[in-house]
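Asker: Take this structure, written in structure tokens, and hold onto it; I'll ask about it next.
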Amino acid sequence: MAGIRDLFRQEVRVINLGLEAFALELERLGVPVIHVAWSPPAGGDPRKAALLAALGDEEEE
Amino acid sequence: MSIKAANQAALQRLVEAQPFLMDCLPAEQAMGLTGRTVLHAGPPLSWDRACPTIQAAVLCAVRYEGWAPDDATALDLVLRGQVRVGPCHHLGAVGPMTGIITPSMPVFVVENRAHGNRGYVTINEGLGRVLRFGANDESVVERLRWLHREAGPVLGAALRASGGIDLRVLMAQALRMGDEMHQRNVAASCLLARALMGHLARAGAGADAQAVARVADFIAGNDQFFLNIAMAAGKASTDPCLGISDSTMVATMARNGTDFGIRVAGLGDRWFTAPVEMPQGLYFPGFGPEDANPDMGDSAIVETMGLGGFAMAASPAVARFVGAGDMQEAIRATEEMAEICLGEHPHFRIPALDERGTPVGIDIRKVLETGITPLINTGIAGKKPGIGQIGAGVARAPLHCFEQALEAFSARSG
């Protein structure tokens with residue numbers, strides 16, 4: 001817990017993955033934030049993700 | 001072959017295509033379109049599933065050919081199978097919006113000199129009340145007859161005299177002049193007119209001088225004159241990619257107002273379809289989304305070869321017109337398309353992106369991984385037959401086409 005408390009005593013710089021709303025809110029509060037547009041492969045559908053993984057370029061090498 | 005190697009081969013074949021505009025001839029002569037046949041845009045479509053705009057255009061084409069005196073008789077012929085109706089794509093052709101081609105209509109002939117195949121497309125009729133947007137009155141038929149009687153032969157003679165016009169060079173130049181070759185073709189049309197001017201004048205020498213003047217006026221009066229030719233260039237460039245085994249690259253995208261269809265290089269002639277979406281965009285005064293026909297036309301072949309919506313960053317004027325907003329948004333649109341493509345076009349470069357090539361070679365795997373679907377610039381037709389164009393905007397390819405293609409690809413691989 002001490003680690004977490006220390007973290008928030010420092011300047012917070014954020015890399016936000018996925019939901020942009022979090023980044024926008026931090027931006028509004030003046031917190032430095034970089035947003036990375038990311039979503040789970042195949043929209044989170046495990047079956048399609050498995051199909052994609054089987055057809056990936058890396059799998060062939 | 002590995003998927004990676006197959007995709008590299010397919011991409012190479014697409015970007016190194018050498019489309020040349022060679023001729024303009026009746027479809028019967030150019031592409032062997034015989035009998036009572038009407039071609040339409042998009043994947044195959046049964047009559048009962050066709051939207052009223054496509055149906056009206058088909059019936060108008062039957063009247064134009066003189067196979068029936070009125071729509072009721074034309075409909076009877078279609079329903080009894082005495083007029084065959086099928087997709088342009090199956091005969092080496094493409095057509096914008098309704099995409100109608102009949103045997104007597106003059107078509108441009110584009111030859112891909114890198115591969116020896118040809119692509120065909122009708123002459124763009126101009127704006128407003130035209131067959132491709134589902135208008136079907138006597139003025140539409142009269143214009144089609146003039147294209148057959150006068151414009152086609154004059155253009156054909158000029159093109160034959162030219163020895164062929166290098167479309168890849170012309171399109172690369174037009175891209176640098178602010179065209180994305182789907183919604184904006186002002187620069188490309190001017191460049192083509194410049195290349196044709198002398199040949200047109202000579203082709204008309206000794207004939208009716210007014211005929212050449214009428215054709216020249218027709219070209220000059222239509223900012224979208226080049227669109228159809230860009231489409232035939234796309235068709236001639238993408239077709240040789242079909243059949244490259246193991247490639248997951250998209251080789252065709254087309255819509256018929258009911259279905260959106262894609263074909264994939266490694267899956268041959270098979271179509272993967274899903275219901276078309278409604279285009280989003282701007283409407284002419286007096287029209288709104290409630291008047292719009294669902295997405296339609298073979299013109300998405302332009303995006304398939306890395307132009308149109310994929311080259312939005314090259315065409316700020318279009319970005320605003322089709323509702324994409326400002327220049328930054330146009331750049332974001334092109335960058336987004338880069339996420340689903342195999343590479344950048346070595347010949348189609350965008351000055352505003354520090355000379356990077358346009359994104360090209362849509363990979364079905366990348367579409368499904370990211371959930372990003374191809375962005376297509378498009379005209380918007382009225383859903384009520386006879387109205388014509390009512391606006392312009394953008395449409396997305398439905399994700400379900402790509403899901404089905406992935407399933408089929410996995411089935412054949414596994």
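Only the coordinates and a few stated rules stand behind these numbers; no lab work does. The structure presented is a predicted model; accordingly, all values stated were derived computationally and were not measured. FYI the Cβ positions are ideal-geometry reconstructions off the backbone, even for glycines, and counts take in every protein chain you see.
Asker: Name the most mobile residue of B:Gln12, B:Gln173, B:Gln210, meaning the one with the largest mean-square fluctuation, in a Gaussian network model of chain B with Cα contacts below 10 Å.
Answerer: B:Gln210
Asker: Based on the alpha-carbon gyration tensor of the protein assembly as shown and its eigenvalue square roots a ≥ b ≥ c, which shape applies: rounded if a/c is under 1.5, prolate if not and a/b is larger than b/c, or oblate? Don't skip to the answer; put the middle values down first.
Answerer: Values: a/c = 1.80, a/b = 1.71, b/c = 1.05.
It is prolate, given that a/c is not under 1.5 and a/b is the larger ratio.
Asker: Measuring from centroid to centroid over Cα atoms, what is the spacing of the range B:331-356 and the range B:371-406 in Å?
Answerer: So the two Cα centres are separated by 21 Å.
Asker: Which residue fluctuates most in the GNM of chain B (Cα springs below 10 Å): B:Ala193, B:Ala72, B:Ala220?
Answerer: B:Ala72
Asker: Can I ask one more? Counting only other residues whose beta carbon sits under 10 Å from that of B:Gly134, what net charge do I get with K and R as +1, D and E as -1?
Answerer: It works out to a net charge of +4.
Asker: If you don't mind, another one. Name the residue from A:Gln10, A:Leu24, A:Gly43 whose Cα lies farthest towards the positive end of the charge dipole of the range A:2-60, charges +1 on Cβ of Lys and Arg and -1 on Cβ of Asp and Glu.
Answerer: Farthest towards the positive pole: A:Gln10.
Asker: Residues with beta-carbon under 14 Å from that of B:Leu147, excluding B:Leu147: net charge, scoring Lys, Arg +1 and Asp, Glu -1? If you can, show how the numbers build up before the last one.
Answerer: On the way: positive: B:Arg132, B:Arg143, B:Arg145, B:Arg149, B:Arg214; negative: B:Glu65, B:Glu125, B:Glu142, B:Glu150, B:Asp217.
Net charge in that neighbourhood comes out at 0.
Asker: While we're here: Going by a ≥ b ≥ c, the root eigenvalues of the Cα gyration tensor, does the range B:332-407 fall in the rounded group (a/c under 1.5), the prolate group (a/b larger than b/c) or the oblate group? Mind showing how you got there, number by number?
Answerer: Details: a/c = 2.94, a/b = 1.31, b/c = 2.24.
It is oblate, given that a/c is not under 1.5 and a/b is not larger than b/c.
Asker: Then there's this: Grab the DSSP H runs of the protein assembly as shown that are 4 residues or longer, score each as -39,500 (n - 2.57), total them, divide by all residues and round the 222 nm result to the nearest 500 deg cm²/dmol.
Answerer: -11500 deg cm²/dmol
Asker: Evaluate the charge dipole of the range B:103-214 about its Cα centre and quote only its size in Debye, nearest 20, assuming +1 on the Cβ of each Lys and Arg and -1 on the Cβ of each Asp and Glu.
Answerer: It works out to roughly 260 debye.
Asker: Using the Karplus curve 6.51 cos²θ - 1.76 cosθ + 1.60 with θ = phi - 60°, what ³J(HN,Hα) values do you get for each residue of the range B:102-114, in whole Hz, with x for Gly and Pro?
Answerer: 10, x, 8, 5, x, 10, 6, 10, 10, 10, 8, 6, 6
Asker: Additional query: Looking at B:Thr334, B:Ser299, B:His90, which one has the Cα that reaches farthest to the positive end of the dipole of chain B (charges on Cβ: Lys, Arg +1; Asp, Glu -1)?
Answerer: Of the options given, the answer is B:His90.
Asker: State the volume of the convex hull built on the alpha-carbon positions of the range B:242-413, expressed per residue in Å³ and rounded to an integer.
Answerer: Numbers: hull volume 18.5 nm³, N = 172.
Convex hull of Cα atoms, per residue: 107 Å³.
Asker: Further, regarding this structure: State, to one decimal in nm, how far the label point of B:Leu77 lies from the label point of A:Leu19, with both points 7 Å from Cα in the Cβ direction.
Answerer: For the pair B:Leu77/A:Leu19, the computed spacing is 6.1 nm.
Asker: Could you check which residue among B:Gly357, B:Gly126, B:Gly66 shows the biggest mean-square fluctuation in a GNM of chain B with a 10 Å Cα cutoff?
Answerer: Maximum among the listed residues: B:Gly66.
Asker: Additional query: Per residue of B:364-374, count partner chain C-beta atoms within 10 Å of its C-beta, then hand back the mean as an integer.
Answerer: Counting Cβ atoms of other protein chains within 10 Å of each residue's Cβ and averaging gives 4.
Asker: With +1 on each Lys and Arg Cβ and -1 on each Asp and Glu Cβ, and nothing else charged, work out how big the dipole of the range B:242-413 is about its Cα centre, in Debye to the nearest 20.
Answerer: Dipole of the range B:242-413, to the nearest 20 debye: 300 debye.
Asker: Checking the a/c ratio against 1.5 first, then a/b against b/c, what shape does the Cα gyration tensor give for chain B?
Answerer: Cα axes put chain B in the rounded bin.
Asker: Still on this structure, I have one more. In terms of the ratio Rg/(2.2 N^0.38 Å) built on C-alpha atoms, what value belongs to the range A:2-60?
Answerer: 1.67
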